[in-house]
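The values are calculated or read from the model by the stated rules, or taken from the named source; none is laboratory data. No experiment lies behind these values; they were computed from the predicted model shown. Cβ coordinates were reconstructed from backbone atoms using ideal geometry, including for glycine residues, and neighbour counts include every protein chain displayed. Side chains are part of the model used for accessible areas, which takes the heavy atoms of the whole protein and leaves out ligands, DNA and RNA. Shrake-Rupley method; radii C 1.70, N 1.55, O 1.52, S 1.80 Å.
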Amino acid sequence: MTALTIPDPPPPLSPGLVPLYDEGRAVAAASPAAACALVRLLLRAVRVERGRPGRDLRRDLDATVGRVPAVLRALDAIGLSEEHGRHPGSIDLAQGHADAQNLFMFVHLITGHLDGDADG
């Protein structure tokens, strides 16, 4: 198995979502695809908690954090194009462990931005 460095859950993550983050982290080395699926569910749950529909990642993020350059670059880096945002089941996991690690880092980036969101 590949050693991954996945940090503890970000402090702004609500306590009810921490188990989902921890489960993804627990399976990441053995199954990066399973970890990515869990993180995608986590990202959806975070957006729904913030009052967004949770169906379109980019639209939800635009509405909650705006078009923050760091978030847009991160979306591109993890391969979540607008098309992938509308069809989360079509995510390309060609990079395996790197994809999983990048998605976990994206959770940290997004929750950090959402934590400063006055509406959330």
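Some points to look at:
Rundown of residues vs (1) touching a residue at least 60 places away in the same chain (Cβ under 8 Å); (2) part of a loop (DSSP other than H, G, I, E, B), yes/no style:
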residue	(1), (2)
5	yes, yes
35	yes, no
42	yes, no
45	no, no
51	yes, yes
54	no, yes
63	no, no
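- Within the stretch 43-56, the residues that satisfy the criterion of being of a type in the set (Lys, Arg) and buried (at least 16 other Cβ atoms within 10 Å of the Cβ) are 44, 47, 50, 52.
- Within the stretch 57-84, tally of residues that are crowded, with 18+ Cβ neighbours inside 10 Å and at pLDDT below 65: 2
- Qualifying positions in the stretch 85-109 - open to solvent by 40 Å² or more (accessible area, probe 1.4 Å), part of a helix (DSSP H, G or I) and at pLDDT below 75: 86, 88, 89, 90
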